[in-house]
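Below is one structure; the comments refer to it alone.
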Amino acid sequence: MSQYGFYFDKEKCIGCRACEVACQVWNNAVQTVKWRNVSCLTRGTYPEVTGVNASLACMHCAEAPCKKACPRQAISKEEDSGGVTVDQSRCVGCMLCLWACPFGAPQMGVKGRMEKCTFCEERPVGKIKRACEEICPQQAIVSGRIEDLVLRSKQVVAERLSYDKQAEVILGHEEK
Amino acid sequence: MTRDVINEIRGTKTVPGVCMICPWHCPTENFVKNGRVEYVRGNEYAVNATSRCVKGISSIHSSRDSDRLLYPMKRNSQGVHERISWDDALTQIAARLKANKDAFGPESLVYLWHLDSNETFTHKLFGELYGTPNLSGHGAACDQDRRLAALETFAHPLPVKDYANSRFVMLWGADPFGPNEALHENRELLESMKKGCRLVVVDPNRSRTAEKAHLWLPIKPGTDGALALAMAYHIIETKSYDQAFCDEWVHGFSEFAEHVLSNEYTPKWAETITGISRETIIAVADEFALTKPALMDGLKGLVNYTTGLDALRTVFALNVITGNIDGPGNLILKELAPLDMPVDIPEEAITATEQLPLGSAMGYPLAPDMPTQLLPEAVLEGNPYPVKSLFFHICNPAQSDPNTRLFEKMMAAVDLSVTIDIYMSETAQLSEFVLPEASTYERAEVRESLWAGPQVVFAQPAIEPLGESKPLYEIMKGLAEKMGYGEYFQWNSWEDWARKQTAFLPVTYEELKEKGVWEGELRYHKFKTDGGLATPSGKFEIYSNLFEEMGYSPLPGFSEEHRIKPDAEYPFQLINCKMQYHCGTHTQNNPYLMSIVSENWVELNTNDARRLGIADGDRVEVSSPQASATISAKVSEAVQPGVARVPHGHGFGRRFGTLARGKGTHINPLFETRMNPVSGGISFNECTVNIRKI
């Protein structure tokens, strides 16, 4: 079984929320239900302020807490993609999955059943990007096989360090 | 191409389009099935690739919005808009235009628009055939100072950015990662930063762009010119400018250097004005001068003050004296594609304009766009000549210009007012005739994009126009027939004029139609190979003889003569901004965007808010000497103390939309009529306010 997932680059995300809307438009979701959600956090006091943005959807966990929490066995793990999906016909809208999920990913739909990221199940993996990934102006979201994404994140970090003036300090294992 | 994958999954057909939400006009792909737009994304063949910003992807709603203008309307004697037929509307407008031309001359017609390339049809009809010199964009409310500074320095109105190759970028009062700007530019800037490019942002507010910057300089509002001059002083004093480039390609370098040194625009001088320490100014100036390639650019945050023009002239001069211009990683003097006119008017039919454009006639001969703040005087007092007919196309000065009351008075007094729009905008509500335009999903458009090289976007109708709405070219054709100019607007389908317009491009019509974009070669340092610049001297002009002849300062200085600064009665500087999730009237009835944020706010620094007993979300009254408004407070660490920051373009008692109705606060009545004395650009931020909790 392959396990697919999302890579997210917080250095690139500008918090524009295009991913949220692309997800809604592609999946014909209503505008108030967000399968993907962007959070913008700031810290510090003027003028020493830092901020970070995070775009989060279902992580399609290997050991999905939502699946374990569901009393109706409505949540399953897809064999081919490792995607975590909700069977709408079994769901009774008890929201236990939302309470169990550490990322708050499952969302109550307008029909009283839980909905969540389907990893754009219609879009064949490898042939086309997920809707959120395709729209992102900064290419901050990348989907793919977990092994590839882990490799990618290592490469991204290495590339950043290679251009960083302070990289030698870090690469020289100097204590921070 | 992956568009085929989508078409296979959804059974759709791809129709290339263009986004009309903001002025950057990114190329798009629309996916259509059974007369409905099912999905939209960026054009895979273009530099922005499949990406869209949040407003772009959300704009799919405007292809379905039943709150759009669906038929022509005319205001009756009770002031209520009633439906009329296209034939009646165009017949009546044409007759009134003829009467006004006969009695007051063609210059009595003023037509304002907002960056729509189909306006070439308007130019043919109203400019060449009818003969008015008063066709203008709404730039006075936008980038007027930048455009004039660019025309003066580079003889180019809209320099763009080649971030992909930059090593150092400095942005002044510009927030490309926030409200908008070209998507490919944003992506390239972040990619470059990953490779070590440094970003410095000058802004009183910690904007989205400042959030990503290596260095944020929270400058005192309106003092950017002083900072730029101090950087120039240090660069000249340490001789870190590009001497060889200045000798060969810069007009007036020695005068500029002498001016900067003799006026003692030192970092020490600038420190007290700008609130940026002299050490920082020196460090940034050194880094800018010594890192190549570099670019610096400014936008609305500078233009919004009476000091904006000189600030931008200095910013452009800094690029020039360090040799950072039109090369890889620099500001690029964008080359245009060889597009033809969609229709031609034979010379004998063209009406020679006798009167000067309003701007020139009213003392602003260098204004790139009409200083729209002068319009009320022209309409209400007939000065310098009578203005009797006003057209507004996809622009909404009732919402975007200051001094709303004066605008309303003007609209009530003018003889003929016509608004062409896709929504019942605030300006449409004040107009006698309202003509429904087809949205970008329902019409064709051949336009130049804002990519650094030549790039043509060929947008095609994806669906039928909603209701009775019509594309602008069909409206102009219909009006031309009623005005007796029908012979010059002959086509069976938009493809007839689109073929003519694109005939000189080195691509077949069929390929262009299929892809929706054509990109030429991005050439650098064109002035070196193409025989210099189009400026009078053929060089980059940091000393302007033209300005001198017109009685303006040939060199950029720093004067706070026209500045409005906070005092005891009005202790806050009101600065306006755009919201990341909205762009003017056209996003206000959008369910995707309204679910993200539905109202604007006044942003205050935490310390200021605490002192005034204001908590986040409290309703407050914001009062200027001109007017007051009620709005929610947003308490934040991101904004400079003493500054009140409000996103504009919201509110005004909207009647047009189910979602827009009653939402937001219209802040523009608080702004007085203030302009840059040379460019006529609107100085929105020359406004001080008092704030109290209610």
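Which ranges mark the strands (runs of 3 or more DSSP E) fully within the stretch A:30-79 that have 3 or more residues being out of contact with any Lys or Arg (no Cβ under 9 Å at 6 or more places or on another chain)?
Counting at least 3 such residues, we get A:37-45.
Tell me whether the stretch A:69-85 contains one or more residues that are more than 9 Å from chain B (Cβ to nearest Cβ), in contact (Cβ under 8 Å) with a residue 24 or more places away in the chain, under 27 Å from residue B:37 (Cα atoms) and surrounded by fewer than 21 Cβ atoms within 10 Å (Cβ to Cβ).
Within the stretch A:69-85 (the criterion being more than 9 Å from chain B (Cβ to nearest Cβ), in contact (Cβ under 8 Å) with a residue 24 or more places away in the chain, under 27 Å from residue B:37 (Cα atoms) and surrounded by fewer than 21 Cβ atoms within 10 Å (Cβ to Cβ)), the answer is no, since none of the residues qualifies.
Out of everything in the stretch B:185-211 that is among the small types (Gly, Ala, Ser) and crowded, with 24+ Cβ neighbours inside 10 Å, what residue ends up being nearest to the chain's Cα centre (by Cα)?
If we take residues in the stretch B:185-211 being among the small types (Gly, Ala, Ser) and crowded, with 24+ Cβ neighbours inside 10 Å, then B:207 is nearest to the chain's Cα centre (by Cα).
Can you name every one of the strands (runs of 3 or more DSSP E) wholly within the stretch B:154-226 that holds 2 or more residues which are more than 10 Å from chain A (Cβ to nearest Cβ)?
Correct list: B:168-172, B:198-202.
Filter the stretch B:469-525 for residues that are crowded, with 16+ Cβ neighbours inside 10 Å, within 30 Å of the chain's Cα centre (by Cα) and in a loop (DSSP other than H, G, I, E, B) and give the result.
Matches in the stretch B:469-525: B:469, B:471, B:489, B:502, B:505, B:516, B:520, B:522, B:524.
Looking only at the stretch B:605-635, which residues are in contact with a helix residue (DSSP H, G or I) (Cβ under 7 Å, 6 or more places away or on another chain) and under 25 Å from residue B:216 (Cβ atoms)?
Within the stretch B:605-635, B:633, B:635 qualify.
How many residues does the stretch B:54-64 contain that are in a loop (DSSP other than H, G, I, E, B) and either more than 13 Å from every other protein chain (Cβ to nearest Cβ) or within 17 Å of residue B:16 (Cα to Cα) (or both)?
The qualifying residues number 0.
Can you say whether residue B:74 is crowded, with 16+ Cβ neighbours inside 10 Å and either acidic (Asp, Glu) or away from chain A (no Cβ under 14 Å) (or both), as far as the supplied structure shows?
Considered against the rule, which asks whether it is crowded, with 16+ Cβ neighbours inside 10 Å and either acidic (Asp, Glu) or away from chain A (no Cβ under 14 Å) (or both), residue B:74 comes out as yes.
Which of the residues that make up the stretch A:103-132 are facing chain B (nearest Cβ under 9 Å) and not in a loop (DSSP other than H, G, I, E, B)?
Selection gives A:131 alone.
Test of understanding: among A:13, A:19, which residue is under 13 Å from the mean Cα position of the chain (by Cα), crowded, with 21+ Cβ neighbours inside 10 Å and in a loop (DSSP other than H, G, I, E, B)?
A:13
Going through the stretch B:597-634 one residue at a time, which ones are surrounded by 20 or more Cβ atoms within 10 Å (Cβ to Cβ), in contact with a Ser or Thr (Cβ under 9 Å, 6 or more places away or on another chain) and either among the hydrophobic types (A, V, I, L, M, F, W, C) or more than 12 Å from chain A (Cβ to nearest Cβ) (or both)?
Listed by number, the residues that qualify are B:600, B:601, B:602, B:604, B:609, B:620, B:622, B:624, B:631.
Being out of contact with any helix residue (DSSP H, G or I) (no Cβ under 6 Å at 6 or more places or on another chain) and closer than 22 Å to residue B:530 by Cα is the filter here; which residues of the stretch B:118-155 pass it?
B:150, B:151, B:152, B:154, B:155
Any residue in the stretch A:140-150 that is at the interface with another protein chain (Cβ under 10 Å from one of its Cβ atoms) and touching a Cys at 6+ places or on another chain (Cβ under 8 Å)?
Taking every residue of the stretch A:140-150 in turn, at least one turns out to be at the interface with another protein chain (Cβ under 10 Å from one of its Cβ atoms) and touching a Cys at 6+ places or on another chain (Cβ under 8 Å).
Pairs needed: first member in the stretch B:282-295, assigned by TED's automatic domain parsing to the domain that holds residue B:164 and part of a helix (DSSP H, G or I); second member anywhere, surrounded by 17 or more Cβ atoms within 10 Å (Cβ to Cβ) and among the small types (Gly, Ala, Ser); C-beta distance under 6 Å; at least 6 residues apart or different chains.
What qualifies is B:288/B:294.
The values are calculated or read from the model by the stated rules, or taken from the named source; none is laboratory data. None of these values were measured; they are calculated from a predicted model. For neighbour counting, all protein chains shown are included, and Cβ atoms are generated from backbone atoms with ideal geometry for every residue, glycine included.
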